[in-house]
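The structure appears right after this line, and notes come after that.
The values are calculated or read from the model by the stated rules, or taken from the named source; none is laboratory data. As the structure is a prediction and not an experimental result, all values here were calculated from the model. In this analysis, Cβ positions are derived from the backbone assuming ideal geometry, glycine residues included, and neighbour counts consider all displayed protein chains.
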């Protein structure tokens, strides 16, 4: 009887060990796969850090993901100004970005410079524009809702997740810093997107914030007009969710830019016929996909042709 009980206990222990080993091996295998094939997300996760270290090149001395700037004195200088959408967050090859695609297509007529910086807001983009060594002949400015963050912060409107207290847990912090699998699960299950959209709605609906943001926007507009530089503004909606969720800021921005006689390119028209999954880098990263970069590049090319920007004219020094 005792022997039977011992055998049963031993069998139970062996099963527990086998299950534990299977779980450890499975988790280890998933961690290895995620490390070998890192995916970006909309946040700076461990996987995103690995992806950046592997693919974020070339970078020039001005910290842009681009070759060192030069000019042959003949072609039109086109500044592609923006944030991570322009820089190509999640796009493995820089050649697949809309800036590079347009420059390649118009290689004999324009020299493109990518001035995209991840996390840049409107005030920073203005600084990037005026500090660049070459004054552009054309500005292609890409805009996204989070460009309002600087203005919002100045007026005391800041983004804080409602579950922020959980981030202080030491175990959670360790997993967040070391586990790719934990990062993947967290990014795809938390309420970050919903809470962030609510924060942006609050920012755009705040009169003081909107006024401050207009001041930032006007710096770029005034630079364009004062120097007689044609400008096209590309407005990206939220990607990976219902595009109608973007109407609150897209319509507000387009109305403001139209009143200032600035031409806009509304990307909602480009994603209308596409499945949302085809518009983004991956499920965890709502930045524009290679396909969407291509569609936007086609629209920019059409603008160049239709507005006569390819005709010869005096160039900026």
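Please specify each residue of the stretch 76-96 satisfying the condition of being part of a strand (DSSP E or B), more than 17 Å from residue 286 (Cβ to Cβ) and out of contact with any helix residue (DSSP H, G or I) (no Cβ under 6 Å at 6 or more places or on another chain).
First, the residues of the stretch 76-96 that are part of a strand (DSSP E or B): 76-82.
In the following step, the residues that additionally are more than 17 Å from residue 286 (Cβ to Cβ) were identified as 76-81.
Correct list: 76, 77, 78, 79.
Pick from 140, 130: which is in contact with a helix residue (DSSP H, G or I) (Cβ under 7 Å, 6 or more places away or on another chain), touching a residue at least 12 places away in the same chain (Cβ under 8 Å) and either closer than 19 Å to residue 287 by Cβ or assigned to a strand (DSSP E or B) (or both)? Full working, then the answer.
Details: 130 fails: either closer than 19 Å to residue 287 by Cβ or assigned to a strand (DSSP E or B) (or both).
Only one candidate qualifies: 140.
Give me the strands (runs of 3 or more DSSP E) completely within the stretch 256-313, filtered to those with at least 2 residues that are touching a residue at least 12 places away in the same chain (Cβ under 8 Å) and farther than 19 Å from residue 88 by Cβ, ordered by residue number. Break it down stepwise before answering.
Details: elements: 263-266, 280-282, 285-288.
So the answer is 263-266.
Taking the residues in the stretch 235-249 that are in a helix (DSSP H, G or I) and in contact (Cβ under 8 Å) with a residue 40 or more places away in the chain as candidates, determine which candidate is surrounded by the fewest Cβ atoms within 10 Å (Cβ to Cβ).
First, the residues of the stretch 235-249 that are in a helix (DSSP H, G or I): 243-249.
Restricting the remaining residues to those that are in contact (Cβ under 8 Å) with a residue 40 or more places away in the chain gives 245-246, 248-249.
Numbers: 245: 17, 246: 23, 248: 15, 249: 25.
Filtering the stretch 235-249 for residues that are in a helix (DSSP H, G or I) and in contact (Cβ under 8 Å) with a residue 40 or more places away in the chain, the one surrounded by the fewest Cβ atoms within 10 Å (Cβ to Cβ) comes out as 248.
Since residue 232 meets every condition but one in (1) assigned to a helix (DSSP H, G or I); (2) crowded, with 18+ Cβ neighbours inside 10 Å; (3) at pLDDT 90 or above, which condition does it not meet?
(1)
If you check 123, 99, which single one turns out to be over 16 Å from residue 300 (Cβ atoms), touching a residue at least 40 places away in the same chain (Cβ under 8 Å) and in a helix (DSSP H, G or I)? Write out each step before concluding.
Numbers: 99 fails: over 16 Å from residue 300 (Cβ atoms).
Exactly one of 123, 99 is over 16 Å from residue 300 (Cβ atoms), touching a residue at least 40 places away in the same chain (Cβ under 8 Å) and in a helix (DSSP H, G or I), namely 123.
If I go through the stretch 9-47 residue by residue, how many of them are touching a residue at least 40 places away in the same chain (Cβ under 8 Å) and within 30 Å of residue 146 (Cβ to Cβ)? Quick ask: steps written out before the conclusion?
If we filter the stretch 9-47 for residues that are touching a residue at least 40 places away in the same chain (Cβ under 8 Å), which is where we start, we get 27, 30-31, 34-35, 38-43, 45-47.
Among the residues that remain, those that are also within 30 Å of residue 146 (Cβ to Cβ) are: 34-35, 38-43, 45-47.
Count: 11.
Might you let me know whether the stretch 208-217 holds any residue that is surrounded by 13 or more Cβ atoms within 10 Å (Cβ to Cβ), over 20 Å from the mean Cα position of the chain (by Cα) and more than 27 Å from residue 122 (Cα to Cα)?
Taking every residue of the stretch 208-217 in turn, none turns out to be surrounded by 13 or more Cβ atoms within 10 Å (Cβ to Cβ), over 20 Å from the mean Cα position of the chain (by Cα) and more than 27 Å from residue 122 (Cα to Cα).
Could you tell me how many of the residues in the stretch 182-195 are in contact (Cβ under 8 Å) with a residue 40 or more places away in the chain, within 19 Å of residue 242 (Cβ to Cβ) and surrounded by 13 or more Cβ atoms within 10 Å (Cβ to Cβ)?
2
Being at pLDDT 95 or above, under 25 Å from residue 177 (Cα atoms), surrounded by 10 or more Cβ atoms within 10 Å (Cβ to Cβ) and out of contact with any strand residue (DSSP E or B) (no Cβ under 6 Å at 6 or more places or on another chain) is the requirement here; does residue 92 meet it?
Yes, satisfied.
Being surrounded by 13 or more Cβ atoms within 10 Å (Cβ to Cβ) and more than 29 Å from residue 80 (Cα to Cα): is that true of residue 169 here?
Values: surrounded by 13 or more Cβ atoms within 10 Å (Cβ to Cβ): no; more than 29 Å from residue 80 (Cα to Cα): yes.
No.
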